[in-house]
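> Before we start, here is the structure in question, set down as structure tokens.
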Amino acid sequence: MNRPTSLALVGGTLGAAVLASLAWALLTGPLAIDAAQVAAALTGAANRLGAAQHTVLFDLRLPRALAALTIGGALAVAGCTFQAVLRNPLADPSFIGVSGGAAVSAAACLAGLHLVPSLTLPPQLLIALGALLGGLGAAVLVLRIARLDGDTQPITLLLAGLAVNAFAAGLLGLIAYGASDPTLRAITLWLFGSLGRAGWTELAVAMPLMVVASLLLWRQAASLNALLLGEAEAAHIGVDVARLKRGCIALAVVCTALSVALAGVIGFIGLMVPHMLRLLVGPDHRALLPLSFLGGAALLGAADNVARLALQPAEVPVGIVCALLGAPFFLGLLLRWRRSPELA
Amino acid sequence: MSLRTLEASYAARGRELLAATSVDFAPGRLHAIVGPNGAGKSTLLRLLAGEWRPSRGSVALDGRDLREWAPAALARRRALLPQQHSLSFPFTAAEVVALGRLHTRRHKAEVERAIVAEALASCGAAQLAGRLYPQLSGGERARVQLARVLAQIRDEADGARWLLLDEPTAHLDLAFQHACLRLAREWSRCGVGVIAVLHDPNLVLAYADDVLVLDAGRAVAVGAPRDVLDAALMRQVFGLAARRIELADGTHWLAVGADG
């Protein structure tokens with residue numbers, strides 16, 4: 001075998017990285033809380049936290065850290081899925097317009113909230129629903145445009161994604177232009193991507209769905225492997241290709257759109273993580289999907305810690321950290337791809 | 001027990017790629033399909049595999065329309081080796097072959113590994129098992145893909161199995177072309193129906209039990225290769241001047257002159 005890295009080693013390392021970034025998130029910040037206090041509070045032992053410390057730990061740091069881990073994992077799984085279904089290693093949910101569509105739709109819901117005085121649904125649920133519809137609409141649009149003679153064209157796909165993203169940015173700007181101050185802040189968040197708003201309510205809506213969607217995608221791993229051979233070949237092996245693609249795209253849109261509803265557009269996670277893991281463990285989705293979840297969780301967790309701590313007391317949106325990391329990575333990928341397309 | 005088309009035709013964008021064709025293929029034989037480029041050979045093979053639905057008419061396996069077959073059940077009964085392969089993700093050759101076993105997997109892991117190794121070995125590709133597929137040469141990829149389709153239908157099914165090969169010899173050197181067809185003939189002798197699109201009439205004369213000649217989307221001749229592939233047909237279908245030669249050992253050959 002050409003692959004020296006064992007699955008157990010990669011999985012163990014990534015699991016440790018996830019735990020480390022969680023610990024890092026809980027233990028750092030403007031308010032000092034030490035490891036012993038956190039351990040005691042989390043295990044329910046004697047409460048040695050002050051009231052302020054308790055609030056910071058349980059209402060700010062813990063939900064935010066969990067959101068970072070779940071969103072990172074879900075975005076990496078979504079990226080990995082789009083890459084398999086479209087058979088294009090450059091497909092990232094934020095490139096192909098899904099994130100942009102979700103962001104516009106979520107922002108429109110938020111801006112329209114005050115127009116509906118007696119709302120029975122909690123706003124978090126409404127925004128998540130809006131993001132889902134917008135993401136799904138953008139995915140259908142972009143995939144339809146990029147499809148020619150039953151084959152998805154990689155270049156057309158990225159260009160269609162570009163156009164949808166530009167349109168989405170324009171609409172977001174329009175909504176922001178006419179928005180009141182709190183809406184404006186939230187829309188800025190969607191543009192740059194930030195975990196600052198993630199609280200327990202948002203998390204309760206999105207986290208279980210993202211985890212379930214990721215698990216359901218894992219169940220399709222063997223069929224996704226077959227799909228890499230080509231759609232016709234997968235059909236000959238016995239895969240119901242149309243059904244598989246529809247289901248997987250819908251689940252990947254759920255992962256992406258709920259991430260957007262929680263934290264805005266965070267790019268490159270879905271591109272970087274599956275790509276690096278493919279180099280380590282190969283393209284077998286039975287291993288790649290769960291490892292991508294762990295890798296995405298660890299990466300976004302770490303990136304959010306950097307975003308919180310780099311310019312204290314101010315905070316950088318985590319989307320900016322990811323873009324600064326991801327854009328050079330993407331350029332490197334393009335250079336490599338230019339030389340030997342079959343290895344990208 | 002057969003794979004047959006009944007007045008099956010196929011048209012795309014108003015252009016008829018295959019006119020209404022009724023052919024009957026029997027298991028346990030090696031059937032060759034020959035004809036010029038664009039004659040509809042790959043179209044017929046795709047109809048037979050159920051990849052494309054006929055515009056008119058029907059294709060049936062064991063008397064049951066292919067449309068009524070579940071994809072997984074069909075996958076256990078027939079495999080198709082396409083002309084071109086577009087796999088660009090870095091699977092190893094052994095992993096590619098294992099992909100063929102998606103809907104047949106009922107064995108323990110070590111048995112499955114042995115099946116993959118055996119399929120690769122039968123295609124002369126045992127030494128490629130650990131190599132990354134995208135780094136293989138065209139001929140090596142063709143052998144790995146052949147091993148994949150063989151592995152797919154290796155297990156006995158509840159009916160005759162079918163092996164559909166679209167130009168299996170295209171990327172292979174001369175020795176492997178013959179190895180490939182010897183293998184196809186071996187499989188046919190085990191009861192598998194083999195249907196292969198071939199370009200070299202001498203390979204057809206040497207290995208095939210039956211030949212179907214397509215020209216411009218129509219079946220123009222069908223029968224035993226020795227009865228069908230003669231100088232008149234080569235002139236009619238390909239516009240080539242050819243001579244049939246019978247050697248002392250009883251084998252038949254078609255020699256095509258340099259000037260056509």
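> For the subset of segment B:59-81 comprising residues that are under 15 Å from B:ILE195 (Cβ atoms) and of a type in the set (Lys, Arg), which member is farthest from the other protein chains (Cβ to nearest Cβ)?
For segment B:59-81, the residue satisfying everything is B:ARG77.
Residue-by-condition table, conditions (1) open to solvent by less than 40 Å² (accessible area, probe 1.4 Å); (2) at pLDDT 95 or above:
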{"residue": "B:TYR207", "(1), (2)": "yes, yes"}
{"residue": "B:LEU229", "(1), (2)": "yes, no"}
{"residue": "B:LEU233", "(1), (2)": "yes, no"}
{"residue": "B:GLN236", "(1), (2)": "no, no"}
{"residue": "B:LEU240", "(1), (2)": "no, no"}
{"residue": "B:ARG244", "(1), (2)": "no, no"}
{"residue": "B:GLY250", "(1), (2)": "yes, no"}
{"residue": "B:TRP253", "(1), (2)": "no, no"}
{"residue": "B:ALA258", "(1), (2)": "no, no"}
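> While we're looking at this one, here's another question. Could we say that A:LEU277 is under 17 Å from A:ARG87 (Cα atoms) and touching a Phe, Trp or Tyr at 6+ places or on another chain (Cβ under 8 Å) here?
Answer is no for this residue.
> Sticking with this structure for a sec: Just need a number here: residues in segment A:32-61 that are part of a loop (DSSP other than H, G, I, E, B), under 25 Å from A:ARG197 (Cβ atoms) and touching a helix residue (DSSP H, G or I) at 6+ places or on another chain (Cβ under 6 Å).
Residues meeting the conditions: 2.
> Name the pairs whose Cβ atoms lie under 9 Å apart, with the first residue in segment B:82-96 and at the interface with chain A (Cβ under 7 Å from one of its Cβ atoms) and closer than 21 Å to B:GLU112 by Cβ, the second of a type in the set (Val, Ile, Thr) and open to solvent by less than 40 Å² (accessible area, probe 1.4 Å), and 6 or more positions between them or separate chains?
Cβ pairs passing all conditions: B:LEU87/B:VAL96; B:GLU95/B:VAL116.
> For segment B:78-111, which residues satisfy the criterion of being farther than 20 Å from B:GLY159 by Cβ, outside any loop (DSSP other than H, G, I, E, B) and of a type outside the set (Val, Ile, Thr)?
Within segment B:78-111, B:LEU81, B:ALA93, B:ALA94, B:GLU95, B:ALA98, B:LEU99, B:ALA109, B:GLU110 meet the criteria.
> Here's something else I'd like to know. Would a scan of segment A:49-59 turn up a residue that is at pLDDT below 90, open to solvent by 60 Å² or more (accessible area, probe 1.4 Å) and in contact with a Phe, Trp or Tyr (Cβ under 9 Å, 6 or more places away or on another chain)?
yes
> Among the listed residues A:GLY12, A:GLY29, which satisfies the condition of being part of a loop (DSSP other than H, G, I, E, B), more than 30 Å from A:ILE249 (Cβ to Cβ), open to solvent by less than 60 Å² (accessible area, probe 1.4 Å) and of a type in the set (Gly, Ala, Ser)? Please lay out each step first, then the result.
Details: A:GLY12 fails: part of a loop (DSSP other than H, G, I, E, B).
Within the list A:GLY12, A:GLY29, the selection yields A:GLY29.
> So how many residues does segment B:119-134 have that are of a type outside the set (A, V, I, L, M, F, W, C), crowded, with 16+ Cβ neighbours inside 10 Å and either outside any loop (DSSP other than H, G, I, E, B) or within 13 Å of chain A (Cβ to nearest Cβ) (or both)?
Pass one, segment B:119-134, residues of a type outside the set (A, V, I, L, M, F, W, C): B:122, B:124, B:127, B:130-131, B:133-134.
Going one step further and asking which of them are crowded, with 16+ Cβ neighbours inside 10 Å, we end up with B:122, B:124, B:131, B:133-134.
Cutting the leftovers down to either outside any loop (DSSP other than H, G, I, E, B) or within 13 Å of chain A (Cβ to nearest Cβ) (or both) gives us B:122, B:131, B:133-134.
Residues flagged as of a type outside the set (A, V, I, L, M, F, W, C), crowded, with 16+ Cβ neighbours inside 10 Å and either outside any loop (DSSP other than H, G, I, E, B) or within 13 Å of chain A (Cβ to nearest Cβ) (or both) within segment B:119-134 amount to 4.
> Of everything in segment A:321-331, what is open to solvent by 60 Å² or more (accessible area, probe 1.4 Å) and either touching a residue at least 40 places away in the same chain (Cβ under 8 Å) or basic (Lys, Arg) (or both)? Give them in sequence order.
A:LEU325 - this is the single residue of segment A:321-331 that is open to solvent by 60 Å² or more (accessible area, probe 1.4 Å) and either touching a residue at least 40 places away in the same chain (Cβ under 8 Å) or basic (Lys, Arg) (or both).
> Take the residues in segment B:29-48 that are of a type in the set (Lys, Arg) and outside any loop (DSSP other than H, G, I, E, B), then tell me which one is most open to solvent (accessible area, probe 1.4 Å).
Per the criteria, the residue is B:ARG46.
> From A:VAL56, A:VAL98, grab the single residue that is of a type outside the set (Phe, Trp, Tyr) and either without any contact (Cβ under 8 Å) to a residue 40 or more places away in the chain or in contact with a strand residue (DSSP E or B) (Cβ under 8 Å, 6 or more places away or on another chain) (or both).
Details: A:VAL98 fails: either without any contact (Cβ under 8 Å) to a residue 40 or more places away in the chain or in contact with a strand residue (DSSP E or B) (Cβ under 8 Å, 6 or more places away or on another chain) (or both).
Step by step, each of A:VAL56, A:VAL98 is checked, and only A:VAL56 is of a type outside the set (Phe, Trp, Tyr) and either without any contact (Cβ under 8 Å) to a residue 40 or more places away in the chain or in contact with a strand residue (DSSP E or B) (Cβ under 8 Å, 6 or more places away or on another chain) (or both).
> Let me ask you something else. Checking the conditions here, which among A:LEU299, A:LEU334 is more than 14 Å from chain B (Cβ to nearest Cβ), open to solvent by 40 Å² or more (accessible area, probe 1.4 Å) and within 13 Å of A:GLY79 (Cβ to Cβ)? Outline the logic, then answer.
Values: A:LEU334 fails: within 13 Å of A:GLY79 (Cβ to Cβ).
Criteria check complete, one pass: A:LEU299.
> Which ones in segment A:146-204 are farther than 23 Å from A:GLY112 by Cβ, open to solvent by 50 Å² or more (accessible area, probe 1.4 Å) and either of a type in the set (Asp, Glu) or modelled with pLDDT under 85 (or both)?
A:ARG147, A:LEU148, A:ASP149, A:ASP151, A:GLN153, A:PRO154, A:ILE155, A:THR156
The values are calculated or read from the model by the stated rules, or taken from the named source; none is laboratory data. What you see is a predicted model, and the numbers here were worked out from it, not measured in a lab. In this analysis, Cβ positions are derived from the backbone assuming ideal geometry, glycine residues included, and neighbour counts consider all displayed protein chains. Note: accessible area is taken over every heavy atom of the protein model, side chains too, but ligands, DNA and RNA are not part of it. Shrake-Rupley method; radii C 1.70, N 1.55, O 1.52, S 1.80 Å.
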